[in-house]
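K.L.:
Got a structure for you, questions after.
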Amino acid sequence: MNSTFRYLTDTKQDQQDMLRYLKKDSIEELFDDLPDEIRLNEALAIPEAISEPILMKKMQRLSGQNTNANNYPFFLGAGTYDHFIPSVVNHIISRSEFYTAYTPYQPEISQGELQAIFEFQTMVCELTGMDVANSSMYDGFTSVAEAAALAVSSTKRSKVLISKAVHPESRSILQTSAAGPGYKVEEIALDQDITDLKELEEKIDPNTAAIIVQYPNFFGSVEDLQEINKIAKEHGALLIVSANPLALALLQSPGKLGADIVVGDMQPLGIPMSFGGPHCGYFAVKKKFMRKIPGRVVGQTEDTKGKRGFTLVLQAREQHIRREKASSNICSNQALNALASAVCMAALGKHGIRKMAQLNIEKADYMAKQLVENGIKVINQAPFFNEFAVELPISAQEVNQKLLEAGFIGGFDLRKEDDRTNQMLIAVTEQRTKEEIDQFVHILGGLQ
Amino acid sequence: MTTTYDSLIFELSQPDRSGVDLPESDVESVDLSDKFPEHLIRETEAELPEISELQLVRHYTALSNKNYGVDNGFYPLGSCTMKYNPKLNEDVARLEGFSRIHPYQPENTVQGALQLLHELQEDLAVISGMAEVTLQPSAGAQGEWTGLMIAKNYHKHNGENRSKVLIPDSAHGTNPASATVAGFDTVTIPSTKDGLVDVAELKKLVDDDTAALMLTNPNTLGLFEKDIVEIAEIVHEAGGLLYYDGANANAILGKTTPGKMGFDIVHLNLHKTFTTPHGGGGPGAGPVGVTEKLIPYLPVPRIKKVQNHYVLDDKEPLSIGRVKGYYGNFGILVRAYTYVRTMGAEGLQQVSESAVLHANYLKKRLETHYESPFPQTCKHEFVLSGSKQKKLGVRTLDIAKRLLDFGYHPPTIYFPLNVEEGLMIEPTETETKETLDGFADTMIQIAKEIEQDPNIVLDAPHTTIIGRLDETKASRKPVLRVPVTTRNLSNNS
């Protein structure tokens, strides 16, 4: 070997020994079965190899071109939030027994991962008020589409209704997904900042498999799940709720309010924003849908000597067994991020998670009041969690530019949503201090 | 490991312990009942564990000690490419300029991130021989579905409603599952005795209703489909598209490309070929590449370079739409980018050469003791059969469990489905010859044990912290969460 790639191990001698054993003269002979016409005759046209110290410098420079939340206070949310992550989280998920392992198909040497996921499933059930949770999905948005697919297959109905107060990315992924099996997706308009229940009543019919809403919704407002569930159940449709798990620390659980499937993203609990991924979808159902849930599920059992142990269960649903008849095609999931959020939830504990949620509510509430006092209109009529929309005198894009110049990352520009020109969605997490909020309000108050 | 640790985290819980200190509020307090209607306020607290930070660390450290990863030892799990996960990649992904940025912050504040994504798109296009790549899919299976939706929209745009996807019997289970999710019917193509696609059968099954053929090359037996050019012609002549499952791309880097072979759509598993960690099941990434004519159908947003500026473009009228939140599993993409930059073209080519050499060497060392249904040269992995051992009353599952006693992760077993008692072995390029020899010696010893004293294999594993689990009971009467009654009962921390 003429180059020293540290991830490769063969010495020249090793290669000669192995080739001699194989009675081959060169490695090239091992590729004799590749027809000539498909061979590459020149090296791949990609940049040359870079040594570790130089590459690290280059990557630091590249990452340094991005404005990050260590240096700028972020008032941007819309599905991804700058929350506090306890130091223990990164230390635990950096243990390579966890992160360099494959899916725990050999339970005897995977009890650590299996138990951690079993505990994660329990925590998700506790927060959502559901009976069964799986081991994770790609993200909250794709989980919405998987939930719709479950509803369509179990109700044998071919239409789903989704509120326009559900995150736009959930809605667009649902549209993409529905085009496969070909079920119909209809959107329910907004009544200001929440789902229009009158339109929901009009659009729901005997062919409706499910109603999908978000809790708190995309605009931060808390939907009345009890009312929505009533409408769903009157028509034999399922209620699917996409919920922020942090908000569930203080809000009534969707399970208690009648939801059949609860999905969402664990990102607010222990997962860095990381430019939108990897995050961690969760998926929880009432017991009657247990055998239809997508993805991997861990269960408790015993070994031959009666000792408690954990293993993957209900695999008869999954693609590697059922192939074309599987309930979903998901294979790889987001296990390591599920572990991160389990560690975060365990660190916060029963009271800590409530305190964190309370801080979010109080800071958002304070900021909204300050903005109103400074002449900025808050659009939300319903109570909101840690996010709310405001009306600005000029475009959100211009405001965000001013904020950036002042050292802030401003809110989400709502102009793409139903032409809400000059509207901005502002997120206030526990990370924001009163001082940061006051400065931000000052800038917005000074616009005219 | 010296002590066994068997507590559930909930069993450590004691009222009023906590693993974090949050600051006190610096703004006015809010009474929930003033803000929310009563029925929307939680009345019973979510029972999360209450433990100190050290208890938390010990709990998870104990769990990690009960887990086996590539860093613990040899992991020849066929089709999964369990190669070394470089530490540099982990550090880079954790740089604050990558981990603490928001997907919706202004484009001009994330030019570094967009540049990285754009360059990775270009590199993966070169490596796969495709015209353009999307990084959105979060896993191989999602890549498959994305690719098939692209095929669907392409045919639809050409006024055709093709309903069938052809899949060899040796394919990964995700292939037929993804085809179903994309709304296609699947047709299985049988393999020949030699383990390759039966071209004569393919000719009979292909017709003007064929949307695509999904193929892994080398296939799941580790064999190169040498008739690939003819296969591509047959499918293309019928108006179908060729889909490349990149699970086995570790065998072909720099040697050939799916583009050269005639494929139209490709997914690559960055958590296999490109060293990003498997994470105990994920997250991964499954970027999809396509040929020129399929570019308009790629998911949005696309990442483009306009002069010296990187932009997100969602204005593509023929696009299948969005398949994943934001721009894919960015943190995973950062790791893969770092790996590609570490290796360069020469390094990547050596990866495949070494992976193939290792597989052939290990295969030959084992062939005298285990049935080898496909004696020809393999690529990066190979499949043996435990049929000889089965006649002696020992099954492949038992052999797998016996390997645990020697500190190895077993190979993939009972896959692909067209091999009796299959053992699918993928050594990867990052292992030393000494490791391969040690594993071969152990496999040979187990074969001898089966002849001389099969009970030692049948009763395996003997050294693990737990014995074989009752999986039937676990699925018949599932316990899928910590029962409410076992919480807070124990105090054995």
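The values are calculated or read from the model by the stated rules, or taken from the named source; none is laboratory data. If you're wondering where the values come from, they're calculated on a predicted model, not measured in any experiment. Don't worry about glycine lacking a Cβ; one is built from the backbone with ideal geometry, like all the others, and counts go over all protein chains shown. For accessibility, only protein heavy atoms count, side chains too; no ligands or nucleic acids. Shrake-Rupley method; radii C 1.70, N 1.55, O 1.52, S 1.80 Å.
K.L.:
Which one of A:Lys198, A:Lys292, A:Lys307 has the biggest mean-square fluctuation once chain A is modelled by GNM with Cα springs under 10 Å?
P.N.:
Top of the fluctuation ranking is A:Lys307.
K.L.:
Go ahead and estimate [θ] at 222 nm for chain A from helices alone: -39,500 (n - 2.57) per DSSP H run with n ≥ 4, summed, over the residue count, rounded to 500.
P.N.:
Working: 13 runs with 161 residues, N = 448.
Only helices count here, giving -11000 deg cm²/dmol.
K.L.:
For Cα pairs less than 8 Å apart in space and 6+ apart in sequence, what is the mean separation divided by the residue count of chain B, i.e. the relative contact order in percent?
P.N.:
Values: 869 pairs, mean separation 96.6, N = 493.
Relative CO of chain B lands at 20 percent.
K.L.:
R0 = 60 Å: FRET efficiency of A:Lys203 with A:Lys305, Cβ-based, nearest 0.05?
P.N.:
0.55
K.L.:
State, in square angstrom and to the nearest 100, the accessible area buried between chains A and B, both chains counted, probe radius 1.4 Å. Don't skip to the answer; put the middle values down first.
P.N.:
Working: alone 23930 and 24910 Å², together 31290 Å².
Buried area between the two chains comes out at roughly 17600 Å².
K.L.:
Using a 10 Å cut-off around each Cβ of peptide B:315-324, what is the average number of partner chain Cβ atoms that fall inside? Let's see the in-between values first.
P.N.:
Values: counts 0, 0, 0, 0, 1, 4, 8, 12, 8, 9.
Per residue, the average neighbour count from other chains is 4.
K.L.:
If each of A:Thr421 and A:Gln381 carries a label point 7 Å out from its Cα toward its Cβ, how far apart are those two points in nm?
P.N.:
2.4
K.L.:
Continuing with the same structure: Mind giving me the FRET efficiency for B:Lys448 and B:His309? R0 is 60 Å, r the Cβ-Cβ distance, nearest 0.05 is fine.
P.N.:
Working: r = 66 Å, r/R0 = 1.09.
Efficiency, rounded to the nearest 0.05: 0.35.
K.L.:
Describe numerically, in nm with one decimal, the distance between label points set 7 Å from Cα along Cα→Cβ at B:Asn455 and at A:Val372.
P.N.:
8.0
K.L.:
If you don't mind, another one. Just to confirm, what accessible area per residue do you get for chain B at 1.4 Å probe, in whole Å²?
P.N.:
Details: 16170 Å² over 493 residues.
It amounts to 33 Å² per residue over chain B.
K.L.:
For the ranges A:40-50, A:130-140, what's the packing order if you count other beta-carbon atoms within 10 Å of each residue, average per peptide, and put the highest first? Write out the running numbers ahead of the final one.
P.N.:
Values: A:40-50: 13.7, A:130-140: 28.3.
My ranking of the peptides, most packed first, is A:130-140, A:40-50.
K.L.:
Give me a comma-separated list of calculated 3J(HN,Hα) values for the range A:258-273, in order, Karplus coefficients 6.51, -1.76, 1.60 applied at θ = phi - 60°, integers in Hz, x for any Gly or Pro.
P.N.:
Once θ is set to phi - 60°, the couplings for the range A:258-273 become x, 4, 9, 9, 10, 10, x, 10, 7, 3, x, 10, x, 10, x, 4 Hz.
K.L.:
Further question on the same structure: Treating only the Cβ of Lys, Arg, Asp and Glu as charged (+1, +1, -1, -1), what charge dipole size does the range B:87-343 show about its Cα centre? Round to the nearest 20 debye.
P.N.:
On the way: 23 positive and 29 negative charges, 151 e Å.
Using only the charged Cβ atoms, the result is roughly 720 debye.
K.L.:
Restrict the search to the range A:110-162; then list the trypsin sites (Lys or Arg not before Pro) that DSSP places in a loop and that have at most 11 other Cβ atoms within 10 Å of their Cβ.
P.N.:
Details: sites: A:Lys156, A:Arg157, A:Lys159; in loops: A:Lys156, A:Arg157.
Loop-located and lightly packed - A:Lys156.
K.L.:
Rounded to the nearest 5, what % of DSSP beta bridges with both residues in the protein assembly as shown are antiparallel? If you can, show how the numbers build up before the last one.
P.N.:
Numbers: 51 of 86 bridges.
Bridges in the protein assembly as shown that DSSP calls antiparallel: roughly 60 percent.
K.L.:
Which ³J(HN,Hα) values in Hz, rounded to whole numbers, follow from the phi angles of the range B:106-123 under the Karplus curve 6.51 cos²θ - 1.76 cosθ + 1.60, where θ = phi - 60° and Gly and Pro get x?
P.N.:
x, 3, 6, 9, 9, 4, x, 5, 5, 4, 4, 5, 5, 5, 5, 4, 5, 5
K.L.:
Using +1 on the beta carbon of Lys and Arg, -1 on that of Asp and Glu, and nothing else charged, what's the dipole of the protein assembly as shown about the Cα centre, debye to 20? Don't skip to the end; give the middle numbers.
P.N.:
On the way: 93 positive and 123 negative charges, 293 e Å.
With Lys and Arg at +1 and Asp and Glu at -1, about 1400 debye.
K.L.:
If you take the alpha carbon radius of gyration of the protein assembly as shown and divide it by 2.2 N^0.38 Å, what ratio comes out, to two decimals? Mind dumping the intermediate values first?
P.N.:
Numbers: Rg = 27.2 Å, N = 941, 2.2 N^0.38 = 29.7 Å.
Cα Rg divided by the expected 2.2 N^0.38 Å: 0.92.
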